[in-house]
Amino acid sequence: MPDVSFTNLLVVAAVAVLAPLTVGYFPRLRIPAVVLEIIGGIIIGPSVLGWVHVDLPVSILALFGLAFLLFLAGLEIDVHRLRGQLLRYAVLGYLVSLVLGYGAGASFTAAGWVSQPLLVAIMLASTALGLVVPVLKDARQLRSEIGQTALAAASIADFTAIVLLSLFFSSSGGSTGSKIVVLGAFAGLVAVTGLAVSGAARSMRLGQVLIRLQDTTAEIRVRFAVLLLVAFTALAVRFGLESILGAFLAGAIVGLVDRDSASHPRFRTKLEAIGYGFLVPVFFVSSGVRLDLTGLLHSPSALVRVPVFLLALLVVRGLPALLRLRANGLKPTLALGFLQATSLPFIVAATQIGVMLGKITPVTAAALVCAGLLSVLIFPVLALTLLRHGEPEPEPETAAAEAVPVPEANVM
């Protein structure tokens, strides 16, 4: 066997356990576990205690954790709801965010904080779909008008940000024009694969085999999902695109094909158990370990970037919510703005790519991640407070009693 130590991974795994336990013991703090995971990584990393560094086992699992995180984010997207007025708002709102983000990035470039305003614009215009969904569920607004608007906006923001990052800041290099051609070819291959998977899913014989094997040690549906994730990630890298794009699209295809969960109600729960129970926490804790706070904490001029970036997040993603002011009313619109401005996972991933490419400094990356942490701590709480003053969606039993019966479908 190769000479590999698992000591660092042991400490990372311990932090991954302690973070949600802390949230469970102190529920009134309303701090997402992901925030404590990153903070725990900072504490055990070189910036504070120096107990852990990112070695080979941690690095590999963190990389796969990032891929699984984007896979699960893609799984949350409901393509069938991205249509009509919601789609128009989501696209227009994201375009407005990009313009505002580029203006903010240009200002930061003039101040000498960054060298690529477009990279900052892409980061500021992102929204954490995986964090927005639990907030809406907690407020019983997931299927309300404001909930569907927030989901549509977050879905478009997630997908577009990943595509733009792959086009303009891929670690593989190459011109933007060649990447557009490659992206088109990759999209065609994804579409063909999606059609093939969808056709196979309608096969009665295959369906019977899947049902027979899905809850045995074969866990055949989970294996198929992991195969698709790894295949799309490998293909994206092969095409010279970012691996996270392949992972995201793999999740979107699984979500698109897996519409009816009547025969396999535990499938998504199993995928979330692998991701959120094992791989994703390793990514977040190791991101905290990698975060270099030395320069940030020892320079007041660098530390001031954190509130500035936080304000930029709120302006860039919050202001477009005003496009729905007349339709939603004041408080729901403000809540929508706070939800759209909640961003962390994509910022963590994009800053790591930016530092690796030399587009941003480690100090700026640390400030951006800290701003993302604060957005996750502050904005969802404000959104929940505003949403609780509105009329919540009906309880599932009430809704079922009042609604016209329809075939069961896996909506989310």
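The values are calculated or read from the model by the stated rules, or taken from the named source; none is laboratory data. Quick caveat: nothing in here was measured; it's all calculated off a predicted structure. When we count neighbours, we look across all protein chains shown, and the Cβ atoms used for this are built from the backbone with ideal geometry, even at glycine. Heads up: the accessible areas ignore ligands, DNA and RNA and are worked out on the full protein's heavy atoms, side chains in. Shrake-Rupley method; radii C 1.70, N 1.55, O 1.52, S 1.80 Å.
Observations on the model:
- Residues that are of a type in the set (Gly, Ala, Ser), open to solvent by less than 70 Å² (accessible area, probe 1.4 Å) and modelled with pLDDT under 85, drawn from segment 294-313: Gly295, Ser299, Ala302
- Residues in segment 230-251 that are of a type in the set (A, V, I, L, M, F, W, C) and modelled with pLDDT under 85: Ala236, Val237, Phe239, Leu241, Ile244, Leu245.
- The residue that is modelled with the highest pLDDT, among those in segment 314-325 that are farther than 30 Å from Ala62 by Cβ and of a type outside the set (Lys, Arg), is Val315.
- Residues that are hydroxyl-bearing (Ser, Thr, Tyr) and either over 19 Å from Leu131 (Cα atoms) or not in a helix (DSSP H, G or I) (or both), drawn from segment 287-315: Thr294, Ser299, Ser301
- Tally of residues being open to solvent by 20 Å² or more (accessible area, probe 1.4 Å) and either farther than 30 Å from Thr351 by Cβ or of a type in the set (Phe, Trp, Tyr) (or both) across segment 268-293: 4
- Residue list for segment 104-134, filter: touching a Leu at 6+ places or on another chain (Cβ under 9 Å) and farther than 25 Å from Val308 by Cα: Val133
- Some residue of segment 213-223 being of a type in the set (Val, Ile, Thr) and open to solvent by less than 20 Å² (accessible area, probe 1.4 Å): yes
- Wholly enclosed helices (runs of 4 or more DSSP H) of segment 326-412 bearing at least 1 residues at pLDDT 85 or above, among the hydrophobic types (A, V, I, L, M, F, W, C) and surrounded by 24 or more Cβ atoms within 10 Å (Cβ to Cβ): 330-340, 345-357, 362-387
- Tyr25 in contact (Cβ under 8 Å) with a residue 12 or more places away in the chain and over 16 Å from the mean Cα position of the chain (by Cα): no
- Thr149 vs. criteria under 14 Å from the mean Cα position of the chain (by Cα) and either open to solvent by less than 20 Å² (accessible area, probe 1.4 Å) or not aromatic (Phe, Trp, Tyr) (or both): no
- Taking (1) over 25 Å from the mean Cα position of the chain (by Cα); (2) over 18 Å from Glu242 (Cβ atoms); (3) at pLDDT below 80; (4) of a type outside the set (Phe, Trp, Tyr) in turn, Gly194 satisfies each apart from (1).
- Ser126 vs. criteria modelled with pLDDT of 85 or more, at negative phi, of a type in the set (Ser, Thr, Tyr) and outside any helix (DSSP H, G or I): yes
- Answer from Arg266, Arg221 - the residue that is free of Cβ contacts under 8 Å to residues at least 60 places away in the same chain and touching a His at 6+ places or on another chain (Cβ under 8 Å): Arg221
- Segment 139-150 residues that are over 13 Å from Arg81 (Cα atoms), paired with ones that are at pLDDT 75 or above and open to solvent by 20 Å² or more (accessible area, probe 1.4 Å) (beta carbon under 7 Å, 6 or more apart): Ile146/Asn328; Ile146/Pro332
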